[in-house]
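Asks: Okay, here's the structure, questions in a sec.
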Amino acid sequence: QVQLVESGGTLVQPGGSLRLSCVASESVFRIDVMGWFRQAPGKQRELVARLTSGGRINYLDSVQGRFTIARDNAKNTVYLQMNSLKPEDTAVYYCYADRGGNDYWGQGTQVTVSS
């Protein structure tokens with residue numbers, strides 16, 4: 001069982017930046033895939049960014065060039081750096097982990113982009 005705890009969500013103005021953190025209960029180096037999903041009101045949950053243990057990274061097209069996912073093995077933490085935020089980035093952001101085919105989710109953190 002992998003436990004994930006997100007933090008960093010808050011209200012930010014359009015064009016601003018925010019960094020989300022996800023701390024895992026075990027070494028992220030041992031986890032096959034880690035990433036971030038988001039879900040806006042009335043919409044389906046969508047994959048924002050994912051990072052494999054081999055270092056492969058994928059981004060949602062609409063965040064490419066603005067968001068960066070990174071991993072700190074020493075801190076058991078995965079980050080999502082979000083720059084040039086837009087109102088349409090408003091959503092609850094969830095950290096997830098895939099270890100051996102089993103999915104684990106954090107509780108979510110709210111990001112609101114508004115003036």
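The values are calculated or read from the model by the stated rules, or taken from the named source; none is laboratory data. Computed from a predicted model, the values in this text were never measured in an experiment. Counting neighbours? That spans all protein chains shown, and the Cβs are built from the backbone with ideal geometry, glycine included. Heads up: the accessible areas ignore ligands, DNA and RNA and are worked out on the full protein's heavy atoms, side chains in. Shrake-Rupley method; radii C 1.70, N 1.55, O 1.52, S 1.80 Å.
Asks: Going by what's in this entry, would R50 be described as open to solvent by 60 Å² or more (accessible area, probe 1.4 Å), touching a residue at least 24 places away in the same chain (Cβ under 8 Å) and of a type outside the set (S, T, N, Q)?
Replies: no
Asks: Can we say V33 is out of contact with any Cys (no Cβ under 8 Å at 6 or more places or on another chain) and surrounded by fewer than 18 Cβ atoms within 10 Å (Cβ to Cβ)?
Replies: Against the criterion (out of contact with any Cys (no Cβ under 8 Å at 6 or more places or on another chain) and surrounded by fewer than 18 Cβ atoms within 10 Å (Cβ to Cβ)), V33 qualifies.
Asks: Let me ask something else. Output the strands (runs of 3 or more DSSP E) that fall wholly within segment 1-58 and possess 2 or more residues being aromatic (F, W, Y), or say none.
Replies: Answer list for segment 1-58: 33-39.
Asks: Looking at (1) surrounded by fewer than 14 Cβ atoms within 10 Å (Cβ to Cβ); (2) modelled with pLDDT under 95, find the lone condition where K43 falls short.
Replies: Just one mismatch for K43, condition (2).
Asks: Only one of (1) within 22 Å of V23 (Cβ to Cβ); (2) over 12 Å from the mean Cα position of the chain (by Cα) is not met by M82, so which one is it?
Replies: (2)
Asks: Among the numbered conditions (1) touching a Gly at 6+ places or on another chain (Cβ under 8 Å); (2) modelled with pLDDT under 95; (3) not acidic (D, E), tell me where R19 comes up short.
Replies: Answer for R19: the failing condition is (2).
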